Amino acid sequence: MSTFASRSAAPGPSVDPKLQPWVEKYRPKTIDDVSSQENTVAVLQKALASTNLPHMLFYGPPGTGKTSTILALARQLFGPDLFRSRVLELNASDERGISVVREKIKTFARETPRNVKLSSDGKTYPCPPFKLIILDEADSMTQDAQSALRRIMETYSRITRFCLVCNYVTRIIDPVASRCSKFRFRPLAQSSSQARIEMIAQAEGVKTDDGVLELILNLAGGDLRKAITYLQTAQRLHAAAVPPEPISAISIHEISGVVPDEVIDSLLNAVGVTREDGISPALIRGGFETVRKAVKKIGREGWSAGQVLEQFHDALIPLATIPAIPKSLAAIAVAECDKALCEGGDEELQLLECCLQVRHAMARG
Amino acid sequence: MSLWVDKYRPRSLDDLHYHEALSARLKSLAATGDFPHILFYGPSGAGKKTRIMCVLRELYGVGVEKLRIDQRVFVTPSNRKLDVNVVQSNYHIELTPSDVGNYDRVVIQDILKEIAQTQQVDLNAKQRFKVVIINEADALTRDAQAALRRTMEKYMTNMRLILCANSTSKIIAPIRSRCLLVRVAAPTDDEMSRVLHHVAKKERFSLPDTAAQSIISSSEGNLRKALLVFEAMKMQKPDLSGSIDVAKPDWETYIATVAAAIMKEQSAQRLLEVRGKIYELLSHCIPPGVVLKTLAERLVDLVDPEIKPQVIHWAAYYELRMRMGAKKIFHIEAFIAKFMMVQKNYLLQGVAQNMEMDMDF
């Protein structure tokens, strides 16, 4: 996705702004625009002023602005003209085995940058005498490929800086991580992401029902990209209707694939729990067939078991009226089921097994 | 003459029999130029493919129904040749990359780049983009899904993706967040009976309600299955009157007899007999996962309510092991052996009047 951004920055085939995803359209242009992340921005500001950069490692959950920050920084450093010749960006969808590190990255890293000419848009850019290599989604690089980077990073450090962007810093091998200065990106605070999404909604003329923007932010859970995508998808649906109608909470639920509370409630009841009273002995007596029927119904309606399990967990575990031991047993059952689903188990069978275990745990308490 | 399933498959969004709200949404989406990537998900036989074809027709007109089948050859980096069948029209291309197993990434990368980099040449086409349909998207490897990520945004002008999957659990989050998720639930019993009656009317006969009910209850929300069964029944008994049993697929009946055999006797001898039958099922290309699941369901119906949860527990346990292991038959057999043990223990305990069931698996 970010390559898309670098393309649109460089002169090339222009994209109709109407068809552009909003996440690209509203990507921050300068690092000052980046929402939250004050610490990182402050450090980078200093670096920008002194036009000297260390090797960098950005890590944090998705949608917190890692790629946006480095792209904005690169643009401020080099300007639109030099962007193409000075920045190499590789991400997970490019072939990135050890051969690419050896050939493509190495070739790019050892070219000496050309001297600076005046930028075409009349502004002056710092244009420091080095190039930037951005390795997006670096945690999906193989160990071998990362090892091959080690020496390259040092040998060409005079003329090349690396920026690694990843979700899990633990997947980056130590020797590479210790060569970089690390920046952690926190999930966005509600207030700053709200400001951003309200700005976009206003700029695009999106009409929503009350509370829908808050709902979007809640469902996105600090992931701004997700929030913006939800907003755009909902807008597509509702603007297409005749006459255009404001975005409703129901369609946001539908888009995000969140299972409605009634479905989760029916499952909770089948395992003998109500949201109000906790464990209810009357419901537990429903027996095996009740559970089987409830699970079958969920499968038939097409809900995805992973999502159901997650929400089932979120509904069950905080209930204060369930004693500690049944609750712990239920948590174990949910965890086992999640693992089984990750490993490709049959959705219906695994969910049924999980619910039976939970019911058994509840019968105990 | 084609099967009823195909003959009476709705061709346009207006003809669809249920989920009217969804059809209206799809229709309005197709009418605007801004058509997103879509991920259709839902149980099999719910009508995902039918809806996809209807959307295409809404987008391009009848031209999409002129299909041709090509065999394409892809070469992996390790110089292996892969043959993939693709179905295409002038406006769309449909492929099932999971056919080639671990090499699906190559197919995705090659074919999407090819489609994405060529612009629509037909000036009369209604849309500037082509549509790529990817079947069984949940069976794609992670690598292949990661390769989709960038392509989906980069080539948005020339191409739209429609993914078709049974569940979203196995689709990675970045893909999910780039698509409009469309859930196609299985039809309710009422909706199914409406479709069955509609077909009966078109074929000019009337369908007795008892027959309709038995078809619906046997097909468990799978409309394709329901229509196939319906046609088979009509062939066997043209008047559809009286009590008729729904013709189940051979393998289901076969598994039911296996289950009955296991219930009758739990011994090593019987295990050996059953093994032959399981082998026979597998050699007729019934997927091992389906065999295990169906067998467990039949067994659960037969045993005492007290040990039902245990049966499910072991079925889930061995089903998972089967996915991770290499040799499927081992795990099916292990399940059967385990079941025999559970059942026998239960019976013995019943004899000894020792009703303290140890429910801690």
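The values are calculated or read from the model by the stated rules, or taken from the named source; none is laboratory data. Quick caveat, the model's predicted, so the values are computed rather than measured. Cβ coordinates were reconstructed from backbone atoms using ideal geometry, including for glycine residues, and neighbour counts include every protein chain displayed. These accessible areas exclude ligands, DNA and RNA; they are computed on the full protein's heavy atoms, side chains included. Shrake-Rupley method; radii C 1.70, N 1.55, O 1.52, S 1.80 Å.
Relative to the longest principal axis of the Cα atoms of chain B, helix B:250-264 runs at roughly 20 degrees. With all pairs of different C-alpha atoms in the average, the Kirkwood value for the hydrodynamic radius of segment A:190-256 is 11.7 Å. Dividing the mean sequence gap of close Cα pairs (under 8 Å, 6+ apart) by how many residues chain B holds gives a relative contact order of 15 percent.
Run the numbers on segment A:265-365 and let me know its relative contact order in percent, using alpha-carbon pairs under 8 Å that are six or more apart. Rounded, it is 36 percent for segment A:265-365.
Provide the per residue accessible area, probe 1.4 Å, for segment A:221-365, rounded to a whole number of square angstrom.
Numbers: 6000 Å² over 145 residues.
For segment A:221-365, the per-residue accessible area is 41 Å².
In percent, how large is the relative contact order of chain A, given Cα pairs closer than 8 Å and 6 or more residues apart?
Relative contact order of chain A: 15 percent.
In segment B:1-114, Rg over Rh equals 1.01, where Rg is the alpha-carbon radius of gyration and Rh the Kirkwood radius from pairwise Cα distances. Remark: spin-label model distance residue A:202-residue B:239 equals 7.7 nm, labels positioned 7 Å along the Cα→Cβ axis.
The trypsin sites (Lys or Arg not before Pro) of segment A:277-341 that DSSP puts in a loop, and whose beta carbon has at most 11 other beta carbons within 10 Å, are A:285. With each label modelled as a point 7 angstrom along the Cα→C-beta vector, the residue A:158-residue B:253 pair spans 8.3 nm. Computed with a 1.4 Å probe over protein heavy atoms only, the accessible area of residue A:156 comes to about 40 Å².
Taking the Cβ-Cβ separation of residue B:347 and residue A:293 as r and a Förster radius of 45 Å, what is the calculated FRET efficiency to the nearest 0.05?
Details: r = 27 Å, r/R0 = 0.61.
So the FRET efficiency works out to roughly 0.95.
With the charge dipole of segment A:169-302 set up from +1 on Lys and Arg Cβ and -1 on Asp and Glu Cβ about the Cα centre, the Cα lying farthest toward the positive end among the listed residues A:205, A:175, A:260 is that of A:175. Backbone N atoms of segment B:167-194 closer than 17 Å to the 7 Å Cα→Cβ label point of residue A:266 belong to residues B:183-192. Once both axes come from the Cα atoms, what is the angle between helix A:305-316 and the longest principal axis of chain A, in degrees from 0 to 90, rounded to 10? Long axis of A:305-316 versus the principal axis of chain A: about 70 degrees. Here the calculated FRET efficiency for residue A:335 and residue B:264, from their Cβ-Cβ distance with R0 = 45 Å, stands at 0.75, rounded to the nearest 0.05. Computed from Cα atoms alone, the Kirkwood hydrodynamic radius reported for chain B is 23.6 Å. Estimated translational diffusion coefficient (Stokes-Einstein, Kirkwood radius over Cα pairs, 37 °C, 0.692 mPa s) of segment A:195-329: 193 µm² per second. Would you work out which of B:310, B:107, B:228 lies farthest towards the positive end of the dipole of chain B, given +1 charges on the beta-carbon of Lys and Arg and -1 on that of Asp and Glu, about the Cα centre? Going by the charge dipole, the pick is B:107.
Shown here is the pair-distance distribution of segment B:245-326: with all Cα-Cα distances grouped in 5 Å bins from zero up to the longest one, the shares run 3, 13, 22, 26, 23, 9, 2, 0 percent. Shape analysis of segment A:261-364 based on the Cα gyration tensor places the equivalent ellipsoid semi-axes at 20, 15, 12 Å, largest first. Between residue B:11 and residue B:194, the contour length at 0.36 nm per residue exceeds the Cα-Cα span by 64.1 nm.
Using only the C-alpha atoms of the protein assembly as shown, find the volume of their convex hull and express it per residue in Å³.
Details: hull volume 145.9 nm³, N = 726.
Per residue, the Cα convex hull of the protein assembly as shown comes to 201 Å³.
Taking the Cα atoms only, what angle lies between the long axis of helix B:328-351 and the longest principal axis of chain B, rounded to 10 degrees? Result, in degrees: 40. Between residue A:190 and residue B:201, the distance separating the two model label sites (each 7 Å from Cα on the Cα→Cβ line) works out to 5.2 nm.
Under a 5 Å amide H cut-off, with hydrogens placed 1.01 Å from N, residue A:273 pairs with A:280 among residues at least 5 apart or on other chains.
Per-residue surface analysis assigns residue A:328 an accessible area of about 60 Å², computed on protein heavy atoms at 1.4 Å probe radius.
Calculated FRET efficiency, residue B:141 and residue B:284, Cβ-Cβ r, R0 30 Å, to nearest 0.05? Don't skip to the answer; put the middle values down first.
On the way: r = 28 Å, r/R0 = 0.92.
Result of the calculation: an efficiency of 0.60.
Using unit Cβ charges (K, R positive; D, E negative) and no other charged atoms, how large, in debye to the nearest 20, is the dipole of the protein assembly as shown about its Cα centre?
Working: 94 positive and 84 negative charges, 583 e Å.
In total the dipole reaches around 2800 debye.
Computed with every protein chain present, the accessible area of residue B:323 is close to 110 Å² [probe 1.4 Å].
For segment A:291-305, the residues whose backbone nitrogen is under 15 Å from a point 7 Å from the Cα of residue B:323, taken along Cα to Cβ, are A:304-305.
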